Amino acid sequence: MPAEPAFLLRNVTKVFGGIPALADIDLRIEHGEHVALVGPSGAGKTTLIGLLNGMLVPTRGEIQALGHDLARLSVPARRKIQHQIGTIHQQYHLVNNLRVIHNVNAGRLGGWSLTRSLVSLFWPLEIESARRALEQVGIPEKIYEVTAHLSGGQQQRVALARTMVQDPRVILADEPIASLDPERGRELMDLLRQLSRATGKTLVTSIHSVEFARSHFQRVIGLREGRIAFDCAAPDLTPAMIDALYRIDRPDAARGKRPDA
Amino acid sequence: MSEQAPGRPALRRPPWFNRRTAWLVIFVAGLVWSLDQAGVFDGPVLNRGGWTLALQFVRAALHPDLSGALVRLALDSTLTTLAFAVAGTALCVALGLVFGILSSEVFWQLVFPDRGRRRPLRHRAPLVALRAALAVPRAIHEAIWGLFFINILGLDPLVAVLAIAIPFGAITARIFAAILDETPREALRALECSGVSPARALLYGLLPQALPDLLSYTFYRLECAIRAAAVLGLIGAGGLGYQILLSLQSLRYDQVWTFLYALILLSALTDGWSSFLRRRLHLANRIDLQPGLPSRDRPSHRIEPVAKRSLQAMAVLIPLSFWYIHADYARLLAPRTLRLLAGVVHDALPPRMDGGLLASLVRLSMQTLSMSILAIALAAVGGLVLSVPAASNFVLPGGILGGGASRAQAVQGALWFAASRGLLLVLRALSEAIWALVALFFLFPGILPGALGLGLYNLGILGRLMAEVTENVDQRPLRALQAQGASAVQVLVYGVLPATLPRCLAYVLYRWEVCIRATVMVGFVGAGGIGRLLGEQMSSFDYRGVATSLIAMLVLTFGVDSLSSWIRRALRV
């Protein structure tokens, strides 16, 4: 295990159109940790995931991902690091018109030459490993189906299989179960935990459900209005911390008492 | 977990030869056949004698004639072309409205309410008959109408206006009918139930809702009409095209370029106006209004101030245009015109059916078909390639292929974008006939220069349309691929093309239908095919021959139309 942490954020601020989405974040995530990001909508969870996988560049501060500053690397070098970081999204972000096999193989694109990726579109390559990944997520029989014909839960499994063949050192997941029903959601969370444990991967997941954060992760980070509200081990999470995190400030409720408002 | 479970169901790899690859094979075979028809495999096609002229022509692009007299002439003929287009569009929309309403299902349901029963044949017959009748003027290219009217009216500006109004009117009627039929009918039903007469029910219950679509299509027609007006000049109807022809024949290439630049400018302005208006009205792409294409969700919309101002501008432009062209309107109903018209009809019947003509028409039909195939293949491939840099969300900074945000990359991306947009604009501003004339500098007359002319022009149109398709692709899967470390080209191949190809293919097939009609235009300026024969027959007043050639052309057009919609259905695009 290398000495440097998986992610190291120093004083990171990200501003969108003048409004800070994240402010002064300092964070260290070690290899092999399973971290849940919780917090109300708009707290900056998705922005943080985007910064970690290099799709966003911080306005201020520095991010080390796997020991490299993604903002400073050349494009090919950045792609090499990004290939080590797999991301799963709430809306799956699959290419709907392609067969499942191609969406799974898309996880390999960072390691494939252009010729190889072109050939595979016409004559699918690496079927055995794609098949294995689909078996792990429980839908091997869908390998040649058109992705758009799959249900939401199945599509999220395809996205997971894509990340499995990518075989990254880190898995980032942005609200992976927000579009699934509770039962499918639990299955997927179990799968995610089991697969990252078996391969010793770092896992960072933003999630709405505090129960899952407690039951499936070692460490929970609470984000509120772009800042870290708490950062603790999952067993140390108290109901008071959760209430404070999700509390709704009502400026109008206070003002409502004044007759002139 | 990697060992193979023995009881695992064996999933067979789907065969590589499926319906899609079958169509690919047919397409390649058609392409090879077309190249063979074009004589590529048996002898030289390049006319080396024309190289010096071609070089002179290209050099003259840098030194257009900007003397006062010529610039004034260019301005005057630009205005003439614009006036032809506006007057033609005004008539075309009037025709389109009348016949569009008459050929819509919804109108006949108002006239003969079905009350839940199947309507008797005599109630359905008028619609079927009218739709069939409208198919004929639509299938005949405006250039043929132009030559026809020149023979009857002489070289009068009315020729250009009528030649635009009639075929465009028939096309517009079809689109308007489709728009009316697709407009929600609840409001209309409500009026109908309360006993309002059909005309008033349409006016209050249907037309207001359909108006944004009707308007958007009208401005698209104006765009087309400007190109058509320029092209009609090439057959002698006046305006920019006529001046281009005169300068080209007297080898004054510097003057040709002055007029070409004027045409590009005019075309760019209408193009920009039309697309600005469409964006403001939140309307989908203009060609999405073609019946038979998969329709996109059209958001509900209202008439915006910009559309209102456009309408006001048109209200001023239309009378001005009719005045500016100085047409001899009395000539329309003059006894001489009517006599000539009757004479043409009399001379054209019955169509000539001798074996020699029929044999050569079969040969020419094959050539015309292959010309259209070569043209659309060039346009499809070229358009697809150029559409990537021309899409605003790709090479520009922040775009998918924009790379990092370094300054040099940003400048490079912007250059790619501007160059590809500009090239597409020039390609579609100068119509197929002008490109064919240019191609005739260095190619021997025949199928190839015609295919090249048609191909380049349609490349300009398809490239722009495909760029719009690409701009509308869902960005998130592309970002997801990129976040995994996929390269720009891999994102293109795995993310963009799978999402855009079906729609692009639908556009290609639609433009193929347009291409086969437009083969007559490149034929008129000297490339091959039925068009060339038609032009010769027209100018030698061989109307019985013209009738036969027209029938051949109609058969070809309807054949390609049905083949195209069959392929669209088969590929479900």
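Each value in this text was obtained by applying a stated rule to the coordinates, not by laboratory testing. Fair warning: this is a prediction, and the values are worked out from it, not measured in the lab. Methodologically, a virtual Cβ is constructed for each residue, glycine included, from the backbone with ideal geometry; neighbour enumeration extends over all protein chains shown.
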Shape of region A:43-126, Cα gyration tensor, a/c cut at 1.5: oblate
Using per-residue counts of other Cβ atoms within 10 Å, averaged over each peptide, order B:456-462, B:92-98 from highest down. B:456-462, B:92-98
Once you average over the residues of B:486-497, how many Cβ atoms of partner chains fall within 10 Å of each Cβ? 6
Name all residues of region B:243-266 having a backbone nitrogen under 14 Å from the label point set 7 Å from the Cα of B:A69 along its Cα→Cβ direction, giving them as ranges. B:255
Cα centroid separation - region B:450-480 against region B:251-281, whole Å: 20 Å
Please state the relative contact order of chain A as a whole percent: Cα pairs under 8 Å, 6+ residues apart? 26 percent
Taking each residue in A:211-217, count the Cβ atoms of any other chain within 10 Å of its Cβ, then average. What number comes out? 0
Relative contact order of region A:111-261, please, whole-number percent, based on alpha carbon pairs below 8 angstrom and at least 6 residues apart. 14 percent
Amide H of A:T87: which non-local residues (sequence gap of 5 or more, or other chain) have their own amide H closer than 5 Å, using H built in the peptide plane? A:L172
Where the only charges are on Cβ atoms (+1 Lys, Arg; -1 Asp, Glu), what is the dipole of region B:467-549 about its Cα centre, to the nearest 20 debye? 100 debye
Taking the Cα centroid of region B:324-361 and of region B:74-103, what is the distance between the two, rounded to the nearest whole Å? 23 Å
Express in nm, to one decimal, how much length is gained between B:D347 and B:L320 on full extension, taking 0.36 nm for each residue of separation and deducting their alpha carbon distance. 6.0 nm
Please state the Cα pair-distance histogram of region A:121-244 with 10 angstrom bins from zero: what percent is in each bin? 11, 39, 31, 13, 5, 0
Give a residue-ordered list of calculated ³J(HN,Hα) values for region B:238-253 (Karplus: 6.51 cos²θ - 1.76 cosθ + 1.60, θ = phi - 60°; whole Hz; x for Gly, Pro). x, x, 4, x, 4, 5, 4, 4, 4, 5, 5, 5, 8, 6, 8, 5
Could you run the Debye sum over the Cα atoms of region B:1-153, one equal point scatterer each and no solvent, and tell me log10 of I(q)/I(0) at q = 0.19 Å⁻¹, two decimals? -1.18
Working out 0.36 nm times the residue gap between B:W16 and B:E536, then minus their Cα-Cα distance, what length gain in nm do you get to one decimal? 182.3 nm
Taking amide H positions as placed in the peptide plane 1.01 Å from N, state which residues far from A:A21 in sequence (5 or more) or on other chains have amide H under 5 Å from it. A:K14, A:V15, A:F16
Taking a ≥ b ≥ c as the square roots of the Cα gyration tensor eigenvalues, with a/c under 1.5 meaning rounded and otherwise prolate when a/b beats b/c, else oblate, which class fits region B:389-538? prolate
Rg(Cα) / (2.2 N^0.38 Å) computed for region B:129-188, rounded to two decimals: 1.44
Lys/Arg +1, Asp/Glu -1 at C-beta; the protein assembly as shown dipole; positive extreme among A:S215, A:L70, B:G463: A:S215
Square roots of five times the C-alpha gyration tensor eigenvalues of the protein assembly as shown, ordered largest first and given in whole Å, equal 58, 32, 28
Antiparallel DSSP bridges in chain A: what percent, to the nearest 5? 55 percent
In Hz, Karplus ³J(HN,Hα) per residue of region B:359-371 (6.51, -1.76, 1.60; θ = phi - 60°; x = Gly, Pro): 4, 6, 5, 4, 4, 5, 4, 4, 4, 5, 4, 5, 4
Take every residue in peptide A:48-56, count the Cβ atoms of other chains within 10 Å of its Cβ, and give the average of those counts. 2
Using Cα pairs closer than 8 Å and at least 6 residues apart in sequence, work out the relative contact order for chain B, in percent. 18 percent
Can you find, among B:S216, B:P44, B:I166, the residue sitting farthest towards the positive end of the charge dipole of chain B, where Lys and Arg contribute +1 and Asp and Glu -1 at Cβ? B:S216
State the answer as a single residue: which of B:V316, B:L180, A:G17 lies farthest towards the positive end of the charge dipole of the protein assembly as shown, with beta carbon charges of +1 for Lys and Arg and -1 for Asp and Glu, about the Cα centre. B:L180
How many angstrom lie between the Cα centre of region B:144-188 and the Cα centre of region A:163-242? 63 Å
Dipole magnitude of chain A about its Cα centre (Cβ charges: Lys, Arg +1; Asp, Glu -1), debye to nearest 20: 460 debye
Taking the Cα centre of the protein assembly as shown as origin and charging only Cβ (+1 Lys, Arg; -1 Asp, Glu), how large is the dipole, in debye to the nearest 20? 740 debye
DSSP beta bridges in the protein assembly as shown, what fraction antiparallel, as a percent rounded to 5? 55 percent
Could you tell me which of rounded, prolate or oblate describes chain B, using a ≥ b ≥ c as the square roots of the eigenvalues of the alpha-carbon gyration tensor, with rounded for a/c under 1.5 and, failing that, prolate when a/b is larger than b/c and oblate otherwise? rounded
Spin-label point model (7 Å from Cα, Cβ direction): what's the A:V75 to A:E225 distance in nm? 4.1 nm
